[in-house]
Amino acid sequence: MRSVVLLGSTGSIGTQGCDVIARHPQEFNVTGLAAGGRHPQLLAQQAVRFHAPTVAVFDPSAVDATREALADLGAGTSVTVTAGADAVVAMAGSGADVVLNGITGSIGLAPAIAALRAGSQLALANKESVVAGGHLLFDAQVRPHQINPVDSEHSAIWQCLRAGSHDEVARLVVTASGGPFRGWTRERMRDITPEQALNHPTWHMGPVVTVNSSTLMNKGLEVIEASRLFGIEQSRIAVTVHPQSVVHSMVEFRDGATIAQCSPPDMRLPIALGLSAPDRMPDVAAACDWTQAATWTFEPLDDEAFPSVQLARRCLDSSERHTAALNAANEQAVHAFLDRRLPYLGIFDVVRGVLDDMDERLNEAGGALFESVDDMLDCERQARRLADARIAAIAGNA
């Protein structure tokens, strides 16, 4: 039985991770749960369901509500509640066999580093750790192959790579659903609302990730993540639009063979493999039904309508400071869009503008690599301030 800590347990990845664990109770023992604090009742229910001895909330103001929810369930004295970012980092570094990091945003980096340093296997769904953290994450590993990718695309590549050696890889092929605005022109995108952007055709995810999927920034971040996870330069990473979301990604080998990982869209499959690797568990998710007729299509990416992937490639070729700035500026722009303070196309304009504003200082920032997590956070804060200024300027001109 493996001990497991779930970070972001009340979010999309966390709740599906709980579902996987509940279906395989003989495989896992939950030793800790961490969440932001916005859903104290759900967090309390999870703690009681899995007999977790400790829960941690990022927001200290959520402690009382969490304790009250636990008391209502009769677990007021059996579960310890801790609070703050340090408490989440401490839980991540508690030495569990596996830590599932389903936190959204670069705040997931410090817990990811703590988990690796403690020797835990890291089931990583927090792509920002790789995008913003760069080498800081990988340098924290205490043994090889300590990170199990949980993003569906990177899990697919990870699985496909079992078919050959690193030297035999010609390129990686990352698939994209295309989101709800596949085939739209930029002119047609001018009046897109948050409700439209949150209506993803194949996946159910958190709001920021869903908007990122609609702008294809999620795919740009995934190109960065794939390059760093698998040691492949971005010029050998292709992106293809696959609306059915059944082929989750592919690896093309030097002899011309292409290996694909296929399954109906269900995040429980990569989550389960992230928790149980190198073994596979039975009855995790439905397989493809080969008795039914089906068509899988692939289309080229429209870089003019969706420039996010090209922006990500530009940053990846520059430095990890650039990729951190990209991530931070995008987060600010997406939140402003969801708050109706920024039009949809303004997301692209803000991100591109921040990168242009910061390009010279990023190149002169004392080296391409971050010296510490605080160094990374300083870079992000600069990008967020510049993004906020551009958002305010756009709103003032509206």
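We did not get these values from a lab; they are worked out from the coordinates using the rules stated. Everything quoted here is computed from the prediction, not taken from an experiment. Reconstructed Cβ throughout: ideal geometry from the backbone, glycine too, with neighbour counts over all protein chains shown.
In order along segment 352-359, the phi-based Karplus estimate (6.51 cos²θ - 1.76 cosθ + 1.60, θ = phi - 60°) of 3J(HN,Hα) comes to 4, x, 5, 4, 5, 4, 8, 4 Hz; Gly and Pro are listed as x.
So if we plug the beta-carbon distance of D64 and V142 into 1/(1 + (r/R0)^6) with R0 = 30 Å, what FRET efficiency do we get, rounded to 0.05? It comes out at approximately 0.20. Classify segment 168-320 as rounded, prolate or oblate from the Cα gyration tensor: take a ≥ b ≥ c as the square roots of its eigenvalues, call it rounded if a/c is under 1.5, otherwise prolate when a/b beats b/c and oblate if not. Taking the square roots of the gyration eigenvalues as a ≥ b ≥ c, segment 168-320 is oblate.
The order of the peptides 292-304, 380-392, 2-14 by mean Cβ neighbours within 10 Å, most packed first, is 2-14, 380-392, 292-304.
So what is the calculated 222 nm ellipticity per residue for the chain, using -39500 (n - 2.57) for each DSSP H run with n of 4 or more, over all residues, to the nearest 500 deg cm²/dmol? Working shown, then result.
Values: 16 runs with 182 residues, N = 398.
That comes out to -14000 deg cm²/dmol.
Here the chain carries DSSP beta bridges of which approximately 30% are antiparallel, counting only pairs with both residues inside.
State whether segment 104-202 is rounded, prolate or oblate according to the following rule on the C-alpha gyration tensor (a ≥ b ≥ c being the square roots of its eigenvalues): a/c under 1.5 gives rounded; otherwise a/b larger than b/c gives prolate, and the remaining case gives oblate. If you can, show how the numbers build up before the last one.
Numbers: a/c = 2.92, a/b = 1.60, b/c = 1.83.
Note, shape of segment 104-202 comes out oblate.
For the peptides 36-49, 315-328, what is the packing order when you average, over each peptide's residues, the other Cβ atoms within 10 Å and list the highest mean first?
Working: 36-49: 19.9, 315-328: 24.9.
So the order, starting with the most tightly packed, is 315-328, 36-49.
Which order do peptides 89-96, 204-211 fall in by mean Cβ count within 10 Å, highest first?
Ranked from most to least packed, the peptides come out as 89-96, 204-211.
Anisotropy class assigned to segment 127-179 is oblate, per the alpha carbon gyration tensor with a/c at or over the 1.5 cut-off and a/b no larger than b/c. Reported to the nearest whole Å, the Cα centre-to-centre distance from segment 45-104 to segment 338-362 is 35.
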